[in-house]
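One structure is given here, and the rest of the page talks about it.
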Amino acid sequence: MKIFLSIFLALVGLNADSTDADELITLGVKVTNVKKNDSNVMIAVFSHYSTFLTEEMYRREIISVSGNSETYFEFKVVKGEYAVAVFQDTNKNGDLDRNIFSYPTEPFGFSKNYRPMIKPPHWTDVAIQVSEKSVIEVALN
């Protein structure tokens, strides 16, 4: 009986893992208007409004650029709602630099190419639904 139970649990575990792998979808992020200098582009993918624009990112990537006006990266995500925030770290200090009014002084952008005027965007301004392989474009300002 123990052998049967062990085999059953192992099979259930294998099926759960393969199902999870099948549910992963590719989300491509094409970043345009990248300044042609030696810098980094930081891409953050958020999976919930409560963690949007916090350190609790779903996925994150730092891409080194030099001489390119655009860059591209793919993330594996499960079906759901996401928001993407991007900035170009022109001085490579790892932070989005801001002026005295807290407005970014380095190029930045969001999914849906939302352009905030005074305050950061709300989740509903930038959230996208990912249900199949997708590519979004984020133009840096």
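Here, each number is a calculation from the coordinates, and none is a lab measurement. These numbers were taken from a predicted model, which means no experiment stands behind them. All Cβ positions, glycine included, derive from the backbone under ideal geometry; neighbour counts span all protein chains shown.
Numbers at a glance
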| read-out | value |
| --- | --- |
| Lysine pair number, Cα distance threshold 23 Å (strictly under), region 24-139, separation 8 or more or different chains | 13 |
| Check: region 41-119 dipole with +1 on Lys, Arg Cβ and -1 on Asp, Glu Cβ, in debye | 240 debye |
| Cα Rg, Dmax (largest Cα-Cα span) when computed across region 24-139, Å | 13.6, 42 |
| Net dipole in debye of region 78-141 [+1 Lys, Arg Cβ; -1 Asp, Glu Cβ; about Cα centre; nearest 20] | 100 debye |
| Leading residue at positive end of dipole, region 24-139 (Cβ point charges), from Asn40, Phe75, Leu96 | Phe75 |
| Extreme residue, positive dipole direction of region 24-139, given options Ser50, Ile118, Thr26 (C-beta unit charges) | Thr26 |
